[in-house]
């Protein structure tokens, strides 16, 4: 009864949905996202093949650039923001990211540990 | 009325943080649909993370076969990446065109998205066919198995996305910009952008990291 009487005080946004902006503003958002993504991609490809930087830093740089670019995609293309109208979407994303880190980190950790504790192949052959 | 309102308050705000939401009722269907699709996309990303984990573990297990640095062509990967990026942009343009109900820009942006997606698929198919022709098929080594299943799974998603894209164009052509068609368009845009995010991980981890190590 009182449910219908109250005006909606908050509003949610569907994932991928933007606040009500003019068409020009929305196009500008996509252009900014595209330029940032292209810059990050170009940097990744440049870093991967260059001798200019300390070599062991390259994998770390590539991973950081990849995470940055995913962030750019999330913000400018998928419109996932930290606004109160986006709480549900961000929480779902956070849970997804948690599971992804558990799966990848856990797998790499456990398999590296197994590899390190495995006797060399010739020892295994001798045991059989 | 006052009584129910008080009960409502204590339920909605058990910790007295002051942010009382007065039973806003069910969310609009647009939000429910897109949120459900968002959950699906996240579970799809979790599935991809298993393929990534398998690749990370197996990338060194070449069984005497080729290493990543010997078979990857950074030039083609760069072209594929630019194709997907631009297609994400044109897909965004199509979403805007659908929101303002402009058929011309909708069809134009969707056609551009479709073309870029097809170029991506052709390049990837040629890469796979070339590898298999050289005897480096998925059965050659554990590394190649992981590579083909991860990149192939993404390629399958892009193929499904292209089919969905054509379906959306046909639906807009036949039914116009109805509310349910716009909901599907919202989900399609989410799907296409999510594929681009997965491709960022693929080209960084598989191609760039793989060719360096």
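No value in this document is a laboratory result; all are computed from the given coordinates. If you're wondering where the values come from, they're calculated on a predicted model, not measured in any experiment. Every residue, glycine among them, receives a Cβ derived from its backbone with ideal geometry; neighbour counts consider all protein chains shown.
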*Principal axis lengths of the protein assembly as shown from Cα atoms, whole Å, largest first?*
83, 51, 39
*Could you please tell me the mean projected area of the C-alpha convex hull for the range B:71-117, averaged over all directions and given in square nanometres to one decimal?*
3.0
_chain B: calculated mean residue ellipticity at 222 nm from DSSP helix runs of at least 4, using -39500 (n - 2.57)_ = -26500 deg cm²/dmol
_To test your reading of the geometry: what angle, between 0 and 90 degrees and rounded to tens, separates the Cα axis of helix B:103-133 from the longest principal axis of chain B?_
30
*Pairing the Cα long axis of helix B:142-175 with the longest principal axis of chain B, what angle in degrees results, from 0 to 90 and rounded to the nearest 10?*
50
*Give the calculated FRET efficiency between residue A:43 and residue B:27 to the nearest 0.05, with a Förster radius of 56 Å applied to their Cβ-Cβ distance.*
0.90
_Distance (nanometres) between label positions extended 7 Å along Cα→Cβ at residue A:20 and residue B:111_ = 3.3
*Summing -39500 (n - 2.57) over the DSSP H runs of n ≥ 4 in chain A and dividing by its residue number, what mean residue ellipticity at 222 nm do you reach, to the nearest 500 deg cm²/dmol?*
-22000 deg cm²/dmol
*asked:* Please compute the alpha carbon radius of gyration of chain A, then divide it by the globular-protein estimate 2.2 N^0.38 Å. Two decimals is fine.
replied: 1.67
*Spin-label model distance (nm) - residue B:160 vs residue A:97, 7 Å beyond Cα toward Cβ*: 2.5
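What FRET efficiency would be calculated for the residue pair residue A:32, residue B:69, taking the C-beta separation as r and a Förster radius of 45 Å, to the nearest 0.05?
It comes out at approximately 0.85.
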_Using just the Cα positions, wrap chain B in a convex hull and report its mean projected area in square nanometres, one decimal place._
16.5
*Tell me, what is the FRET efficiency for residue B:79 and residue A:115 to the nearest 0.05, using R0 = 41 angstrom and their Cβ-Cβ distance as r?*
0.70
*Going by C-beta contacts inside 10 Å, put A:19, B:127 in order with the fewest on the left.*
A:19, B:127
*Have a look at B:84, B:156, B:186 and tell me which one the Gaussian network model of chain B (Cα, springs below 10 Å) gives the largest fluctuation.*
B:156
*Semi-axis lengths (Å, descending) of the ellipsoid that matches the C-alpha gyration tensor of the range B:169-211*: 35, 9, 4
*Using the alpha-carbon atoms, what tilt in degrees (0 to 90, nearest 10) does helix B:29-58 show relative to the longest principal axis of chain B?*
30
*Please report how far the C-alpha centroid of the range B:35-49 lies from that of the range B:91-128, rounded to the nearest whole angstrom.*
22
